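Just below is one structure, and these are the notes that go with it.
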Amino acid sequence: MFEDLEPRAARGAPLVALTREDLDGYSVEDLQQRIAGLQAEIERSRAAIEGKSSQRNAADAMFNFRS
């Protein structure tokens, strides 16, 4: 219940924090794992875009919003 009272992080804040992180302490293997994780997140974002675009196109077709 008390969690609802705490402010939420700004949208995109984790990405900003990620870009500011010092990479000097990471090993090559750690950096490769980081890249793999970021690539997976990129693919997840692309899939979300595709899903939203498909929904939008279906709605446009149904209601003939586009000429």
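The values are calculated or read from the model by the stated rules, or taken from the named source; none is laboratory data. All figures in this text were calculated on a predicted structure; none of them were measured in a lab. Here the Cβ is made from the backbone with ideal geometry for all residues, glycine too, and neighbour counts use every protein chain on show. The accessibility values were calculated without ligands, DNA or RNA, using every heavy atom of the protein model including side chains. Shrake-Rupley method; radii C 1.70, N 1.55, O 1.52, S 1.80 Å.
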- Task: Residue by residue through the range 50-62, note down the ones that are out of contact with any Lys or Arg (no Cβ under 8 Å at 6 or more places or on another chain) and surrounded by 10 or more Cβ atoms within 10 Å (Cβ to Cβ).
- Result: Glu50, Gly51, Lys52, Ser53, Ser54, Gln55, Arg56, Asn57, Ala58, Ala59, Ala61
- Message: Here's a check for you: in the range 29-45, which residue that is among the charged types (D, E, K, R) and within 18 Å of Leu18 (Cβ to Cβ) is surrounded by the most Cβ atoms within 10 Å (Cβ to Cβ)?
- Response: Arg34
- Working only within the range 1-28, note down all residues that are open to solvent by less than 100 Å² (accessible area, probe 1.4 Å) and modelled with pLDDT under 85. Ala9
- Message: Any residue in the range 24-45 that is closer than 23 Å to Gly12 by Cβ sitting within a Cβ distance under 8 Å of a residue that is part of a helix (DSSP H, G or I)? List the pairs, counting only those 6 or more apart or interchain.
- Response: Tyr26/Arg34
